[in-house]
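To keep things clear, I will list the structure first and then write my remarks on it.
The values are calculated or read from the model by the stated rules, or taken from the named source; none is laboratory data. Computed from a prediction, not measured in an experiment: that's the story for all the values here. FYI the Cβ positions are ideal-geometry reconstructions off the backbone, even for glycines, and counts take in every protein chain you see. For accessibility, only protein heavy atoms count, side chains too; no ligands or nucleic acids. Shrake-Rupley method; radii C 1.70, N 1.55, O 1.52, S 1.80 Å.
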Amino acid sequence: MKLFRRRPSLPAGSRPALEAEERVLAWSACEQGVVVATNRGIWLPGLAERLGWHEIHKAAWSGRELRITPAEVAEERDGYTVLVDGPALTFLLLEPGELPDQVRSRVTRSVAYTTHHELERGAVRVVGRRVSGRDGLTWAVRYDSGTPVNREAVITATDVLVGAARNSVVPPP
């Protein structure tokens, strides 16, 4: 009788091209290939590059399917990025093991700061996220649906909100 059941290693043919400091945390076969979670992000079938944990807006686990909603850059502004939801990607995991827990944990830990603010018209979420392998936070905003994102008053208010968020996480001298 085996007391400890060890998960088989990721097959060599399914191993993505990892960076020097990157290591595999969990993996699962799916209908499209293999989903691989590393300390730097997640490798998904059909994508040529790894999706960093900080690049995931939403991750959901149904008990069978892993659904990832990546962030897409809508605009670069001075000191922060405006993000929108990319198309959701769904994978039926054949033997999920620890993969869903690793995804949830890693996405959650990447968020260091988040606040939601009502604007004169609409609302915005300001987020500071950790990027694996880098110091400091990267700043982004995500506007609620219907917010006039290109209005000067909205941009100015967003600039102020991001500046205040940045100042709130900077340690005093």
Nearest-0.05 FRET efficiency for Leu18 and Thr115, computed from C-beta distance (R0 30 Å)
0.30
If each DSSP helix of 4+ residues adds -39,500 (n - 2.57) and the sum is divided by the residues in the chain, what number results at 222 nm, nearest 500 deg cm²/dmol?
-5500 deg cm²/dmol
Tilt, helix 152-169 to longest principal axis of the chain (alpha-carbon atoms), in degrees rounded to tens, equals 60 degrees
Over the Cα atoms of the stretch 1-89, what Rg and Dmax result, in angstrom?
15.6, 61
So for the stretch 25-77, considering every pair of alpha-carbon atoms, how many percent are separated by more than 16 Å?
45 percent
Give me the log10 of I(q) over I(0) for the chain at q = 0.09, 0.13, 0.15, 0.18 Å⁻¹, as the Debye formula computes it from C-alpha points; what are the numbers?
-0.38, -0.72, -0.89, -1.13
Accessible area of the chain belonging to carbon and sulfur atoms, whole % at 1.4 Å probe
50 percent
Unit Cα scatterers, Debye sum, the stretch 59-147: log10 I(q)/I(0) for q = 0.22 Å⁻¹:
-1.17
GluC sites (Glu not before Pro), restricted to the stretch 21-106: which are DSSP loop and have at most 15 other Cβ atoms within 10 Å?
Glu21, Glu31, Glu49, Glu98
The chain: angle of helix 99-110 to the longest principal axis, Cα-based, in degrees nearest 10
30 degrees
Dipole moment magnitude, nearest 20 debye, the chain about Cα centre, only Lys, Arg, Asp, Glu C-beta charged
840 debye
Summing Lys, Arg as +1 and Asp, Glu as -1, what charge do residues with Cβ under 10 Å from the Cβ of Leu119 carry, Leu119 excluded?
-1
Quick check: residue separation of Val131 and Arg67 times 0.36 nm, minus the Cα distance between them. What number comes out in nm?
20.9 nm
How large is ³J(HN,Hα) for each residue in the stretch 51-64, as worked out from phi by the Karplus curve 6.51 cos²θ - 1.76 cosθ + 1.60 (θ = phi - 60°), to whole Hz, x for Gly and Pro?
9, x, 4, 6, 9, 10, 6, 9, 9, 9, 10, 8, x, 9
May I ask for the net charge around Gly136, where only other residues with Cβ less than 12 Å from the Cβ of Gly136 are counted and Lys, Arg are +1 while Asp, Glu are -1?
+3
Residues whose built amide H sits under 5 Å from the amide H of Thr147, excluding neighbours closer than 5 in sequence, are Ala123
Show me, for the stretch 42-49, the HN-Hα J-couplings you get by feeding each phi into the Karplus relation (A = 6.51, B = -1.76, C = 1.60, θ = phi - 60°), rounded to Hz, glycine and proline as x.
10, 9, 10, x, x, 9, 6, 10
Using a cut-off of 12 Å between beta-carbons, work out the net charge of the residues near His57 (Lys and Arg +1, Asp and Glu -1, His57 not included).
+2
Mind checking Rg over Rh on the stretch 106-171, alpha carbons, Kirkwood formula for Rh?
1.01
